[in-house]
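To start, the structure itself, in C-alpha coordinates.
The values are calculated or read from the model by the stated rules, or taken from the named source; none is laboratory data. Since we're looking at a predicted model, the values are computed, not measured. Just so you know, the surface numbers come from the protein's heavy atoms only, side chains and all, with ligands and any DNA or RNA stripped out. Shrake-Rupley method; radii C 1.70, N 1.55, O 1.52, S 1.80 Å.
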Amino acid sequence: MKRLSLVILLILTAPVSAAPFNVTDAWFRALPGKLPAAGYFTSHNTTRSDVAILGAQSAGCSTVMMHKSSNTGGMARMEMVDQVDVPAGGKVSFAPGGYHLMCQRPTALMKIGGKVPVVLNLSDGTRVAAAFAVRGASGK
Ligand SMILES: [Cu+2]
(Lines give C-alpha, C1' and ligand atoms only; values in the text may rest on other atoms or scores of the structure.)
Protein backbone atom coordinates (compact mmCIF):
# COMPACT_ATOMS: atom_id res chain seq x y z
CA MET A 1 0.00 0.00 0.00
CA LYS A 2 2.78 2.37 0.94
CA ARG A 3 4.64 1.58 -2.26
CA LEU A 4 1.54 2.18 -4.36
CA SER A 5 0.95 5.64 -2.91
CA LEU A 6 4.59 6.50 -3.52
CA VAL A 7 4.19 5.51 -7.16
CA ILE A 8 1.07 7.62 -7.47
CA LEU A 9 2.87 10.56 -5.91
CA LEU A 10 5.71 10.20 -8.40
CA ILE A 11 3.26 10.14 -11.30
CA LEU A 12 1.47 13.23 -10.05
CA THR A 13 4.63 15.22 -9.55
CA ALA A 14 6.32 14.21 -12.81
CA PRO A 15 6.43 16.98 -15.41
CA VAL A 16 3.66 16.76 -17.98
CA SER A 17 5.21 14.79 -20.79
CA ALA A 18 2.35 14.45 -23.26
CA ALA A 19 4.16 16.03 -26.21
CA PRO A 20 4.70 19.38 -24.49
CA PHE A 21 6.53 20.71 -27.50
CA ASN A 22 5.04 19.76 -30.85
CA VAL A 23 6.74 19.98 -34.20
CA THR A 24 4.44 19.80 -37.23
CA ASP A 25 4.61 20.49 -40.97
CA ALA A 26 8.34 19.78 -40.94
CA TRP A 27 10.16 19.70 -44.28
CA PHE A 28 13.44 20.46 -46.00
CA ARG A 29 13.81 22.16 -49.35
CA ALA A 30 16.50 20.07 -51.01
CA LEU A 31 18.52 21.80 -53.72
CA PRO A 32 20.81 20.22 -56.31
CA GLY A 33 24.33 19.15 -55.41
CA LYS A 34 25.69 20.12 -52.04
CA LEU A 35 23.76 23.37 -51.74
CA PRO A 36 22.35 24.01 -48.26
CA ALA A 37 18.81 22.78 -47.62
CA ALA A 38 16.47 25.06 -45.68
CA GLY A 39 14.29 23.38 -43.05
CA TYR A 40 10.83 24.58 -42.10
CA PHE A 41 8.36 23.57 -39.39
CA THR A 42 5.82 24.86 -36.91
CA SER A 43 6.59 24.54 -33.21
CA HIS A 44 3.94 24.65 -30.53
CA ASN A 45 4.87 25.01 -26.88
CA THR A 46 1.92 23.59 -24.92
CA THR A 47 3.60 24.03 -21.54
CA ARG A 48 3.20 26.90 -19.11
CA SER A 49 6.85 27.84 -19.40
CA ASP A 50 8.61 29.86 -22.04
CA VAL A 51 11.24 27.90 -23.89
CA ALA A 52 13.71 28.68 -26.64
CA ILE A 53 15.09 26.65 -29.52
CA LEU A 54 18.87 26.84 -29.24
CA GLY A 55 19.88 24.74 -32.21
CA ALA A 56 19.47 21.47 -34.03
CA GLN A 57 21.32 18.43 -35.32
CA SER A 58 20.48 16.06 -38.12
CA ALA A 59 22.03 12.98 -39.66
CA GLY A 60 20.98 14.53 -42.96
CA CYS A 61 23.33 17.50 -42.53
CA SER A 62 26.97 18.03 -41.70
CA THR A 63 25.90 20.97 -39.54
CA VAL A 64 22.62 22.72 -38.87
CA MET A 65 22.39 26.45 -38.19
CA MET A 66 19.44 28.67 -37.43
CA HIS A 67 18.89 31.59 -39.78
CA LYS A 68 16.40 34.36 -40.22
CA SER A 69 15.63 35.73 -43.66
CA SER A 70 14.61 39.31 -44.08
CA ASN A 71 13.89 41.58 -46.97
CA THR A 72 14.79 45.22 -46.55
CA GLY A 73 14.38 47.56 -49.48
CA GLY A 74 14.23 44.66 -51.92
CA MET A 75 17.48 43.17 -50.60
CA ALA A 76 17.04 39.60 -49.42
CA ARG A 77 19.48 38.55 -46.73
CA MET A 78 19.75 36.08 -43.90
CA GLU A 79 21.46 36.22 -40.55
CA MET A 80 22.38 33.69 -37.90
CA VAL A 81 20.23 33.52 -34.80
CA ASP A 82 21.35 32.02 -31.47
CA GLN A 83 17.89 31.26 -30.19
CA VAL A 84 14.25 31.41 -31.14
CA ASP A 85 11.82 31.96 -28.28
CA VAL A 86 8.61 29.96 -28.17
CA PRO A 87 6.45 31.46 -25.42
CA ALA A 88 4.29 29.36 -23.09
CA GLY A 89 1.23 28.26 -25.03
CA GLY A 90 2.58 29.89 -28.18
CA LYS A 91 3.49 28.83 -31.69
CA VAL A 92 6.43 29.87 -33.81
CA SER A 93 6.75 29.01 -37.48
CA PHE A 94 9.95 28.45 -39.34
CA ALA A 95 8.80 29.35 -42.85
CA PRO A 96 10.11 30.70 -46.16
CA GLY A 97 10.99 34.37 -45.72
CA GLY A 98 11.59 34.05 -41.98
CA TYR A 99 13.24 31.62 -39.60
CA HIS A 100 14.67 28.45 -41.08
CA LEU A 101 17.12 25.71 -40.28
CA MET A 102 20.09 25.85 -42.60
CA CYS A 103 21.32 22.34 -43.32
CA GLN A 104 24.93 22.65 -44.46
CA ARG A 105 26.48 20.03 -46.71
CA PRO A 106 23.49 17.65 -46.80
CA THR A 107 24.35 13.96 -46.53
CA ALA A 108 23.10 11.09 -48.68
CA LEU A 109 20.01 10.92 -46.43
CA MET A 110 18.70 14.15 -47.97
CA LYS A 111 16.72 12.54 -50.79
CA ILE A 112 13.59 14.08 -52.27
CA GLY A 113 10.59 12.00 -51.23
CA GLY A 114 12.35 10.68 -48.15
CA LYS A 115 12.46 11.74 -44.52
CA VAL A 116 15.32 13.07 -42.44
CA PRO A 117 15.47 12.94 -38.63
CA VAL A 118 16.12 16.22 -36.83
CA VAL A 119 16.68 16.87 -33.12
CA LEU A 120 15.93 20.32 -31.74
CA ASN A 121 17.74 21.45 -28.58
CA LEU A 122 15.56 23.42 -26.20
CA SER A 123 16.66 25.84 -23.50
CA ASP A 124 15.16 23.64 -20.76
CA GLY A 125 17.51 20.81 -21.73
CA THR A 126 14.87 18.88 -23.65
CA ARG A 127 15.66 17.42 -27.03
CA VAL A 128 12.76 17.10 -29.44
CA ALA A 129 12.97 14.66 -32.33
CA ALA A 130 11.03 15.18 -35.55
CA ALA A 131 11.03 13.64 -39.02
CA PHE A 132 11.36 16.21 -41.80
CA ALA A 133 9.95 15.35 -45.22
CA VAL A 134 12.37 16.13 -48.03
CA ARG A 135 10.87 18.13 -50.89
CA GLY A 136 12.40 19.59 -54.01
CA ALA A 137 13.21 23.18 -54.92
CA SER A 138 9.55 23.95 -55.67
CA GLY A 139 8.57 22.90 -52.16
CA LYS A 140 6.68 19.86 -53.48
CU1 LIG B 1 19.77 30.36 -44.30
(request) Can you send over the solvent-accessible area of C103, 1.4 Å probe, protein chains only, in Å² to the nearest 10? (result) 0
(message) Could you sort M80, M65 by their accessible area in this structure, using a 1.4 Å probe and putting the largest first?
(response) M80, M65
(message) On a straight-distance basis, which lysines could pair with K34 in a cross-link, Cα separation under 18 angstrom, same-chain partners fewer than 8 positions away excluded?
(response) K111, K115
(request) For helix 2-13, report the angle its Cα long axis makes with the longest principal axis of the Cα atoms of the chain; keep it between 0 and 90° and round to the nearest 10°. (result) 30
(request) Work out how much length M75 to R48 would gain on full extension: take 0.36 nm times their residue separation and subtract the Cα-Cα distance, in nm to one decimal. (result) 5.9 nm
(request) Quick one: accessible surface of T107, probe radius 1.4 Å, all protein chains present, in square angstrom to the nearest 10. (result) 50
(message) Checking the cross-link filter: which aspartates and glutamates have an alpha carbon closer than 13 Å to that of K91, excluding same-chain neighbours under 8 positions apart?
(response) D25, D50
(message) Please list 3J(HN,Hα) in residue order for the range 34-45, calculated via the Karplus relation 6.51 cos²θ - 1.76 cosθ + 1.60 where θ = phi - 60°; whole Hz, with x for glycine and proline.
(response) 9, 4, x, 10, 7, x, 10, 6, 10, 10, 10, 8
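Suppose the chain between V119 and Q57 were pulled fully straight at 0.36 nm per residue; how much longer would it get relative to their current alpha carbon spacing? Working shown, then result.
Numbers: separation 62, 0.36 × 62 = 22.32 nm, distance 0.54 nm.
Extra length from V119 to Q57 when fully extended: 21.8 nm.
Of all the accessible heavy-atom surface of the chain, with the other protein chains kept in place and a 1.4 Å probe, what percent is carbon and sulfur? Provide the component values of the computation, followed by the final result.
On the way: 5090 of 8520 Å².
That fraction is 60 percent.
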(request) Determine how many Å³ per residue the convex hull of the Cα atoms of the chain encloses. (result) 126
(message) Per residue, how large is the accessible surface of the chain? Use a 1.4 angstrom probe and give square angstrom.
(response) 61
